[in-house]
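Here the structure is laid out as structure tokens; the discussion comes afterwards.
The values are calculated or read from the model by the stated rules, or taken from the named source; none is laboratory data. Just so you know, these numbers come straight off a predicted model, no measurement behind them. Ideal geometry is used to build each Cβ from the backbone, glycine not excepted, and the neighbour counts take in all protein chains shown. Areas reflect the complete protein model, heavy atoms only, side chains present, ligands, DNA and RNA absent. Shrake-Rupley method; radii C 1.70, N 1.55, O 1.52, S 1.80 Å.
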Amino acid sequence: MAQADPSMHEHEWRASANMPPLTREDMVSIAVSALGTAAIVLIAIVSAGGEHGDYSVVTIARTLIATGILLINLANVVGILFFESVDYHGPYQHFLARLSTYGTIGAIFVSLAIGLF
């Protein structure tokens, strides 16, 4: 099997020989995905912290937003690792990274804003 030339991508970082090399965009996207998902899930948990069965429209909306972002971010991390493992650096990899980064930040703001109304 042909191996990718490691000298072609000096801007990438490899954690170990078993992991694919990651660019700065990939690492930022994975970090924002992990931290942002944790923040959105915590916002949904705090919103549902009342009595059992006392769910409002805001709590349901926050739970749906948290679930959606969780699925998007899981697909992002798996997709980035798959793309990097075959040395793909095309538009779909950048789209996934940016969707996760900006989508997670936007979802945090939306989740906090719907509680104000």
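Among the residues of the stretch 88-102, those identified as open to solvent by 50 Å² or more (accessible area, probe 1.4 Å) and farther than 19 Å from Ile40 by Cβ are Tyr88, His89, Pro91, Tyr92, His94, Phe95.
Just so you know, in the stretch 59-71 the residues that are within 12 Å of the chain's Cα centre (by Cα) and within 13 Å of Phe109 (Cα to Cα) include one that is surrounded by the most Cβ atoms within 10 Å (Cβ to Cβ), and it is Ile69.
For (1) open to solvent by less than 30 Å² (accessible area, probe 1.4 Å); (2) more than 23 Å from Arg14 (Cβ to Cβ); (3) in contact (Cβ under 8 Å) with a residue 40 or more places away in the chain, each residue gets a yes or a no:
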site: Ala31; (1), (2), (3): no, no, no
site: Gly36; (1), (2), (3): yes, yes, yes
site: Ile45; (1), (2), (3): no, yes, no
site: Asn73; (1), (2), (3): yes, no, yes
site: Ser85; (1), (2), (3): no, no, yes
